[in-house]
Amino acid sequence: MTLEAKIREKIQLRRERIDCLKREHGDFVISNVTVEQIYSGIRGVPIQVSDISYVDPEKGVRYQGYTVDECINLLPNPEDSRFPYIGGLYYLLMTGELSTVARAVEIEEDWRARSEVPDVVFNVIDAFPDGAAAMAMFSAALLSMSSGSKFAAQYADGMDKKEHWIPMLDDSMDLIARAPEICAYIYNKKYRNHEHIKPDPGLDYAANFAHMVGLDDPQVYDLLRMTLLLLADHENANVSAHTAHLVGSALSDIYLACSAGLNGLAGPLHGLANQECFKYIQEVCDRFQGVPDEDSLTAYLQQTLSSGRVIPGYGHAVLRSIDPRFAVEYKFGKATAADDPYFQTAKAIFKTAPAILKATGKVKNPWPNVDALTGVLFNHFGLTHSSFYTVLFGLSRLMGFTCHIVWARAVNKPIERPKALTTRILEAMVSEQNLENLIR
């Protein structure tokens, strides 16, 4: 059964569940919003429903209900690999069902058949100076494919809105298929003197990116499979995923929506975090000419906090325990990069920072998140240019973006249009409430 057929099989039941909730419980109050939340980035306010992924404060992200450890253990792997086919992960994200080897391979073969990148994409990338931001190139590359959108063409010709998801899925498969070569082209333009390598049809999806940037090593293949799995999605309300969804809700095609999502991901408070974490570890190693001892590191971390900075890679808006994605990376690092001084420094920070953060009394979650180790592992295996790390984050997160958007169209979600208030209106509301309390 094709991916399209499997989704079609599930759509009617999903629509019926939503219709039932709206019909029988449409006035049920999910949450009250406080003034503090409005002025604090709408943090903690439920604004979206999506079954693709959910961030459990204790167990971390769940993909269609499965933890990352369960995904690693239950999804099929390429031969001699510790991590799953990305095609199998995509099948799970889209359908909610675990993939067989055959289904995972079928999706990756479909991607391979769709993977030819239009010349206009390379022309657009080449129009950028070599020193331009890699994420700007990536975003522009996606925009350049919009003219070939199958959804946009069919929508212009007129189509039933219940069928919008079909060409949106078609576009999504094209985008996911082309993305590794686009990312590799950007990398080679910026860091390998324009030495481009074509895809190897004998390699799986994740391994092919490593091949195209000249890193043909089974451990690098596993690093990419692991990274793409760990970063594929993280709910639909973070900056990048919500941006992609918001733009998609206007019926913009998948290329326009995902380009917008990448632009959000490029910000230093979101997708650049892995780059900032690695820079901090480099800073620590440079300061001590190697791995610092515990006392020296403790003093340095305390100095970081007292200067008004944060310890990059520690804490999370939702999680209240060690990020399970960090735990997966940590295990991989101990097995493959234990002697790397940057890994040893990251390990020392992991043993020292939580207690220091707890002692401040200001931190809800003192534990490391996935960004704390990503850059260390990339650097160890030859991806030494930290300014590129967010592109790899984006390559992975395209899977989440596209799944959310396809399902939004499948269940006919409307254009998103929340309400904004003025300061004066808010002050009036507060004054009215205070008056009512006095009367009571």
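The values are calculated or read from the model by the stated rules, or taken from the named source; none is laboratory data. As the structure is a computational prediction, the values presented were derived from the model and not from experiment. Using ideal geometry, Cβ is built from the backbone for each residue, glycine included, and neighbour counts are taken over all protein chains shown.
Odds and ends about this structure:
- Take the conditions (1) farther than 22 Å from PRO414 by Cβ; (2) modelled with pLDDT of 95 or more; (3) crowded, with 16+ Cβ neighbours inside 10 Å; GLY65 misses just one of them, which is (3).
- Residue match in region 243-260 (condition: touching an Asp or Glu at 6+ places or on another chain (Cβ under 8 Å), among the aliphatic types (A, V, I, L, M), at pLDDT 95 or above and closer than 29 Å to PRO341 by Cα): no
- Checklist (1) of a type outside the set (Lys, Arg); (2) outside the structural domain of ASP293 (by TED's automatic domain parsing); (3) in contact with a helix residue (DSSP H, G or I) (Cβ under 9 Å, 6 or more places away or on another chain); (4) surrounded by fewer than 24 Cβ atoms within 10 Å (Cβ to Cβ) applied to THR423, failing item: (3)
- Region 98-126, subset surrounded by 15 or more Cβ atoms within 10 Å (Cβ to Cβ) and polar (S, T, N, Q), residue farthest from MET173 (Cα to Cα): SER99
- Of the criteria (1) among the hydrophobic types (A, V, I, L, M, F, W, C); (2) under 25 Å from ILE182 (Cβ atoms); (3) surrounded by fewer than 18 Cβ atoms within 10 Å (Cβ to Cβ), which one LEU92 fails: (3)
- Residues of region 206-236 classified as at pLDDT below 95 and surrounded by fewer than 20 Cβ atoms within 10 Å (Cβ to Cβ), total: 1
- Matching entry among ALA346, ALA410, ALA327 (being closer than 26 Å to TYR85 by Cβ and surrounded by 20 or more Cβ atoms within 10 Å (Cβ to Cβ)): ALA410
- Qualifying residue in region 41-64 (condition: in contact (Cβ under 8 Å) with a residue 12 or more places away in the chain, among the basic types (Lys, Arg) and not in a helix (DSSP H, G or I)): yes
- Number of the condition not met by GLY60 [criteria: (1) touching a Pro at 6+ places or on another chain (Cβ under 6 Å); (2) modelled with pLDDT of 95 or more; (3) buried (at least 17 other Cβ atoms within 10 Å of the Cβ)]: (2)
- Residues located in region 20-40, provided they are under 25 Å from the mean Cα position of the chain (by Cα), of a type outside the set (A, V, I, L, M, F, W, C) and not in a loop (DSSP other than H, G, I, E, B): GLN37
- Residues of region 111-167 classified as more than 28 Å from TYR85 (Cβ to Cβ) and not β-branched (Val, Ile, Thr), total: 29
- Set side by side, the residues GLY264, GLY202, GLY248 differ, and just one is surrounded by fewer than 23 Cβ atoms within 10 Å (Cβ to Cβ) and either touching a residue at least 40 places away in the same chain (Cβ under 8 Å) or part of a helix (DSSP H, G or I) (or both), which is GLY264.
- Test for LEU301: is it under 26 Å from PRO78 (Cβ atoms) and surrounded by fewer than 24 Cβ atoms within 10 Å (Cβ to Cβ): no
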